[in-house]
Amino acid sequence: MTHATARTPEKPAPAAAVPSLDVRDAAVNLGGVKALDGVSLTVESGRLYGLAGPNGSGKSTLLAAISRLLDLTSGSILVGGEDIMRRSPFQVARMGLARTFQTVRLMPQFSVLENAMLGADQSVYGSSFLRQWLMPWWTRSREARVRARAEAALERLHLMDLRDQPPLSLSYGVQRKVEIARALTAEPRLLLLDEPTAGMNRTERDEIGELLLRLRNEGVTQVLVEHDLKMMVDICDHLYVLDSGHLIASGRPTECIREPKVVEAYLGRGRRAAA
Ligand SMILES: Nc1ncnc2c1ncn2[C@@H]1O[C@H](COP(=O)(O)OP(=O)(O)OP(=O)(O)O)[C@@H](O)[C@H]1O
Ligand SMILES: [Mg+2]
């Protein structure tokens, strides 16, 4: 099935829902570069948002700031109405946020299943040494729950046959799928995906597009960074476009990608690179 056929009508935003994510006037300076400059955007619960923009426009920086892997220079970010600027990445994960990274970050010494299990947050998986020693059954039951969640995530990505494989024996596209499974093991309410289909063929991309739509219909709020604008148009409810750290467009994907500023950001960058 292609994205076009998988597209479902735009899901209306819940009327009075607290925004899942509220980015307010966010700025990030990285070594003198304004990676983000006064970016404000909101993400409402249960919708699938696209975050587009040419190379170096600040997409990964924004995801890093939301997941608290990077500090804002100024501005603030709220998740579920709560300011997360003083929260650690671990605490934000416990609020229901999970993410995938632009580059593959799998543990080569672990199997596919074990890598997927790493997505579980520490409240489910972790336990102190003392607790493990005093209550081994408690640790075992938690591990069984995490394993079941990781297996369910692998199932969704059709990866169960590969569960015992070392990840580096797999194609790059399949490794990306393992990363998505790892994020789903956390059973997130807010999922950030940084170019999840990079390295995948068209069929695999379509499968991921359909999975993201299903997740949206299950109520998982998503922010998807993708260079594949067709995919964005096919599956996203709303598109934000960044250029040189600025938000230059926001709206329905079909309309957004036609805006002169967006066309110029993509074409202008290509022209400058070719010059
Ligand atoms: N660690 C860093 N140190 C200095 N500058 C950085 C660093 N990381 C990113 N930048 C710069 O910040 C800007 C935004 O980068 P970012 O990676 O967020 O862009 P992007 O939109 O994700 O690009 P791409 O589509 O290539 O992944 C770029 O100018 C980039 O060169
Ligand atoms: Mg990036």
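Nothing in this text is a laboratory measurement; each read-out follows from the coordinates by a stated rule. Quick caveat, the model's predicted, so the values are computed rather than measured. Reconstructed Cβ throughout: ideal geometry from the backbone, glycine too, with neighbour counts over all protein chains shown.
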Next item on the list: Report the residues of the range 140-164 in range of a label on residue 203: point 7 Å along Cα→C-beta, backbone N strictly under 17 Å from it.
Entry: 157-162
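So for the range 181-275: antiparallel DSSP bridges make up what percent, rounded to the nearest 5?
On the way: 5 of 10 bridges.
Roughly 50 percent of the beta bridges in the range 181-275 run antiparallel, per DSSP.
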Notebook entry, point to check: In what sequence, highest mean first, do 249-261, 171-183, 198-210 appear when ranked by Cβ atoms within 10 angstrom?
Noted result: 171-183, 198-210, 249-261
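May I ask you to order 152-159, 238-245 by the average number of other C-beta atoms within 10 Å around their residues, highest value first?
Numbers: 152-159: 18.8, 238-245: 22.9.
My ranking of the peptides, most packed first, is 238-245, 152-159.
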